[in-house]
Amino acid sequence: MEKRVAIRAKAGWVERARRLRVELYALYLAARHPQTPWYAKLVVAGFVAYAVTPVDLVPDAIPILGIVDDLIFVPLAIAAAIRFVPPDVLAECRARAQQTMMASRPGWRIALLVWVLLVAGGISAALMAA
């Protein structure tokens, strides 16, 4: 019973991560869309700059607070960016992001398989040489 609950909980997190990835890619596409207003592009660019740079409002070196600011700021920034993008543009970008993510999944699996095989081959060669 506990194992089923853990599997469902994991599946819930995996689904949330997948939706977040699609949403972030849709915002990226919306920022590049010609019908997106300049102020929406500015909000998306500011959010992306904050998310990818090592500069934080509260440094991550401070225990708990450094992570909590990211847990609060990032969802708020995503919500603000979504509100500024016109609904029709966002719907189009979400559809494109969903299609792109679905189409790119096998590529990641193949790359992972190749990587695993290379690592296994390297380990086997090292064991045989020893």
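Of everything listed in (1) touching a Phe, Trp or Tyr at 6+ places or on another chain (Cβ under 9 Å); (2) modelled with pLDDT of 85 or more; (3) surrounded by 12 or more Cβ atoms within 10 Å (Cβ to Cβ), the single unmet condition for Tyr39 is (3).
Counting the residues of segment 56-98 that are at pLDDT 90 or above, surrounded by fewer than 14 Cβ atoms within 10 Å (Cβ to Cβ) and under 17 Å from Arg21 (Cα atoms) gives 2.
The values are calculated or read from the model by the stated rules, or taken from the named source; none is laboratory data. Computed from a predicted model, the values in this text were never measured in an experiment. Positions of Cβ are backbone-derived with ideal geometry, glycine not excepted, and every protein chain shown enters the neighbour counts.
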